[in-house]
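Below is one structure, written out as C-alpha cells; the observations come after it.
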Amino acid sequence: MTEKKLPFTKEALEKIIEKYPTPFHIYDEKGIRTYAKRFVKAFSWNKGFKEYYAIKAAPNPYLMKILRNEGFGIDCSSIAELELAEKIGMRGDEIMFTSNDTPAYEYKKAIELGAIINLDDIAHIQYLDENVGLPELVCFRYNPGSLKEGNAIIGHPEEAKYGFTRSQLFEGYQMLIDKGVKRFGIHTMVASNELDPNYFGGTAQILFELIADLSKKLNINFEFANLGGGIGIPYKPDQVEVDLEKMSQSIKDCYDKYITGNGLKPIKIYFESGRAITGPFGCLVSKVLHIKNTYKKYAGLDASMANLMRPALYGSYHHISVPGKEDSATKIMYDVTGSLCENNDKFAINRVLPKLAPGDIVVIHDTGAHGHSMGFNYNGKLRSAELLLRENGEVVQIRRAETLEDYFATLDFNGVAGFEV
Ligand SMILES: *Cc1c(COP(=O)(O)O)cnc(C)c1O
C-alpha cells in the first residue's frame with residue numbers, strides 16, 4: 001500500500017494558487033533528486049552506469065538541469081528533444097538518440113551533437129550511411145519478439161513496431177563491421193510501466209545472453225547494454241513501487257553469469273527511464289468548476305484531458321486527492337470530467353471521493369511524466385503552466401501557461417481581410 005502523499009499542505013497550496021491560477025502541473029524537486037540519487041546508487045556496482053532520462057516524459061529545461069546535476073544523461077527521439085538538450089549544453093555521450101521512423105535531418109542533428117545513435121531498423125544502417133555518414137559508435141534496438149511477454153501500454157513485442165529481430169542483429173553488426181564502425185552498443189525496451197522488479201532481470205538475461213553470442217560470433221566487444229525504460233510507478237494506492245535495489249541485484253546476477261561468466265569485457269549498463277524519474281513527483285492541480293447531477297454525478301474541473309491525456313488514452317488510473325477533505329465522512333461516486341466536447345474527457349470514472357463543491361481544490365497525482373508533455377490544443381484548450389517546488393519550499397514557474405495569442409500564432413488573420421470567398 002502506497003500512501004498517496006503530497007509535498008505541500010492545503011494552506012501552502014492555496015498560497016500557490018493565489019499566485020498561479022489553476023490548472024497547473026507542479027513538480028517536487030526534492031522527490032526527483034532523492035529518487036535520482038537512489039537510482040544511481042542502486043547501480044554503483046556497475047562502472048560507467050548511466051541513466052538517460054527519457055525527455056518526452058517532461059521536457060522542461062529546469063527538470064533536465066536538475067537531473068543532469070544528478071549525473072543523468074538524456075534520451076531523445078526527435079529534433080525538438082535534441083535541440084532542448086543542446087540548449088542546456090548537453091553534448092556527446094550525455095545524449096542517447098533512440099528514435100524510430102527517423103528522418104535524415106534528425107540523424108544529422110544527433111550526430112552533430114555527438115549523441116549515441118540507437119538504430120531502430122536494419123534498413124537505417126544504409127540510410128544513415130548514405131544521408132549523413134555512420135558515426136564511430138552505433139547501437140541497435142533489439143525486439144525479442146515472442147521471446148518476451150509485453151504489457152498493455154507497449155503491447156506484445158512481436159506486435160511492436162520497434163527494433164531489429166535477432167537474426168537482423170547478427171547481420172546488422174556485421175554490416176557495421178564491414179563499414180568500419182568500431183564501437184558497439186545494444187538496446188532493448190520491451191515493457192512500459194512494469195512494476196515487477198524481476199521482469200528487468202529477465203530482460204537483462206535475454207540481452208546479456210545475446211551479447212555473449214554476438215561478441216563470440218562476430219568477434220566484437222560491446223561497450224554498453226541499454227535496458228531501456230519501462231520502470232513502472234504505483235499509480236494506484238494498493239500498488240508498490242519497483243524495488244530498485246532488488247531490480248539492480250537481479251540484473252547483477254545475470255551480468256555476473258553471462259558477461260563476467262563468459263569472460264567478456266566489462267559492459268556499462270544504461271537505462272532510459274522517464275516515467276519513474278519524474279512521474280510520481282508531479283501532480284496536476286485543478287479546481288471544481290461545476291457539480292452536475294443527471295444519470296450520474298459529475299465533477300467538472302477547470303482542467304481537461306488536454307492537460308492530462310492518459311486516462312482517456314489508455315484508461316489509466318490517476319489517484320485524486322481533495323486537500324482538506326481527506327477525512328470527510330461523506331463519500332460520493334463521481335465521474336471527474338473536463339470540458340472537451342469528447343465524452344472520454346474524464347480523469348476518472350465512478351470514483352468515490354469526498355463530497356465535492358465548486359471551488360474545491362482537486363489534485364490529480366502522478367502526472368510528472370507524460371502529463372503536461374502529452375498536452376494538446378483540441379477545442380482550443382491551452383496548455384497549463386508548470387511550476388517547481390524547490391527543496392527550500394520556494395515555488396518557481398518553469399513554464400508559463402499558453403495564451404490565446406500562442407494558440408493563434410500560426411494563423412494568418414491579415415490575409416483574411418483581402419481573401420475573397
Ligand atoms: C518512452 C521511452 C522510454 C521511457 O519509457 P518510460 O516508460 O517512461 O520509462 C525510453 N526509451 C524509449 C525509446 C522510449 O520510447
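Would you mention how many residues in region 202-211 are more than 16 Å from the ligand (Cβ to nearest atom), of a type in the set (A, V, I, L, M, F, W, C) and either free of Cβ contacts under 8 Å to residues at least 12 places away in the same chain or farther than 20 Å from Val181 by Cβ (or both)?
2
Since Glu391 meets every condition but one in (1) assigned to a loop (DSSP other than H, G, I, E, B); (2) surrounded by 21 or more Cβ atoms within 10 Å (Cβ to Cβ), which condition does it not meet?
Failing condition for Glu391: (2).
Filter region 250-270 down to residues that are in contact (Cβ under 8 Å) with a residue 24 or more places away in the chain, more than 16 Å from the ligand (Cβ to nearest atom) and not charged (D, E, K, R), then give me how many there are.
9
Residue-by-condition table, conditions (1) surrounded by fewer than 16 Cβ atoms within 10 Å (Cβ to Cβ); (2) aromatic (Phe, Trp, Tyr):
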| position | (1), (2) |
| --- | --- |
| Phe72 | no, yes |
| Gly89 | yes, no |
| Phe97 | no, yes |
| Thr102 | no, no |
| Tyr105 | yes, yes |
| Ile111 | no, no |
| Asp129 | yes, no |
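In region 1-81, which strands (runs of 3 or more DSSP E) lie fully inside it and hold 2 or more residues that are within 15 Å of the ligand (Cβ to nearest atom) and in contact with a strand residue (DSSP E or B) (Cβ under 7 Å, 6 or more places away or on another chain)? Lay out the reasoning, then the answer.
Details: elements: 24-28, 50-54, 73-76.
The qualifying strands (runs of 3 or more DSSP E) are 50-54, 73-76.
Could you check Ala225 against (1) in a helix (DSSP H, G or I); (2) within 16 Å of the ligand (Cβ to nearest atom) and say which number it fails?
Only one criterion in (1) in a helix (DSSP H, G or I); (2) within 16 Å of the ligand (Cβ to nearest atom) is unmet by Ala225, namely (1).
Pull up region 340-369, narrow it to residues that are touching a helix residue (DSSP H, G or I) at 6+ places or on another chain (Cβ under 7 Å) and in a loop (DSSP other than H, G, I, E, B), then point me to the one that is nearest to the ligand (Cβ to nearest atom).
For region 340-369, the residue satisfying everything is Ala369.
Within region 276-298, track down each residue that is open to solvent by 70 Å² or more (accessible area, probe 1.4 Å) and either part of a strand (DSSP E or B) or within 13 Å of the ligand (Cβ to nearest atom) (or both).
Leu289, His290, Lys292, Asn293, Lys297
All but one of (1) more than 14 Å from the ligand (Cβ to nearest atom); (2) at pLDDT 95 or above; (3) under 25 Å from Lys216 (Cβ atoms) hold for Tyr107, so report the exception by its number.
So the condition that Tyr107 fails would be (3).
Determine the pairs where a residue that is closer than 9 Å to Tyr35 by Cβ, located within region 271-283, has a partner that is more than 7 Å from the ligand (Cβ to nearest atom) and hydroxyl-bearing (Ser, Thr, Tyr) with Cβ atoms under 8 Å apart, the partner being 6 or more residues away or on another chain.
Ala276/Tyr35; Ile277/Tyr35; Ile277/Tyr53; Thr278/Tyr27; Thr278/Tyr53; Pro280/Tyr35; Phe281/Tyr27; Phe281/Tyr35
Residue by residue through region 1-53, note down the ones that are open to solvent by 10 Å² or more (accessible area, probe 1.4 Å), assigned by TED's automatic domain parsing to the domain that holds Leu82 and aliphatic (A, V, I, L, M).
Scanning region 1-53 gives Val40, Ala42.
Taking Tyr142 as the residue in question, decide whether it is surrounded by fewer than 17 Cβ atoms within 10 Å (Cβ to Cβ) and modelled with pLDDT of 95 or more. Spell out how you get there, then give the answer.
Working: surrounded by fewer than 17 Cβ atoms within 10 Å (Cβ to Cβ): no; modelled with pLDDT of 95 or more: yes.
It is false that Tyr142 is surrounded by fewer than 17 Cβ atoms within 10 Å (Cβ to Cβ) and modelled with pLDDT of 95 or more.
Within region 91-120, work out how many residues are farther than 16 Å from Gly185 by Cβ and among the acidic types (Asp, Glu).
Residues meeting the conditions: 3.
If you check Ser215 against the conditions, is it open to solvent by less than 30 Å² (accessible area, probe 1.4 Å), within 16 Å of the ligand (Cβ to nearest atom) and in the same structural domain as Gln168 (by TED's automatic domain parsing)?
Considered against the rule, which asks whether it is open to solvent by less than 30 Å² (accessible area, probe 1.4 Å), within 16 Å of the ligand (Cβ to nearest atom) and in the same structural domain as Gln168 (by TED's automatic domain parsing), Ser215 comes out as no.
The values are calculated or read from the model by the stated rules, or taken from the named source; none is laboratory data. Computed from a predicted structure; not experimentally measured. As a convention, Cβ positions derive from the backbone with ideal geometry for all residues, glycine included, and neighbour counts pool all protein chains shown. Accessible surface areas use protein heavy atoms only, side chains included; no ligands, DNA or RNA. Shrake-Rupley method; radii C 1.70, N 1.55, O 1.52, S 1.80 Å.
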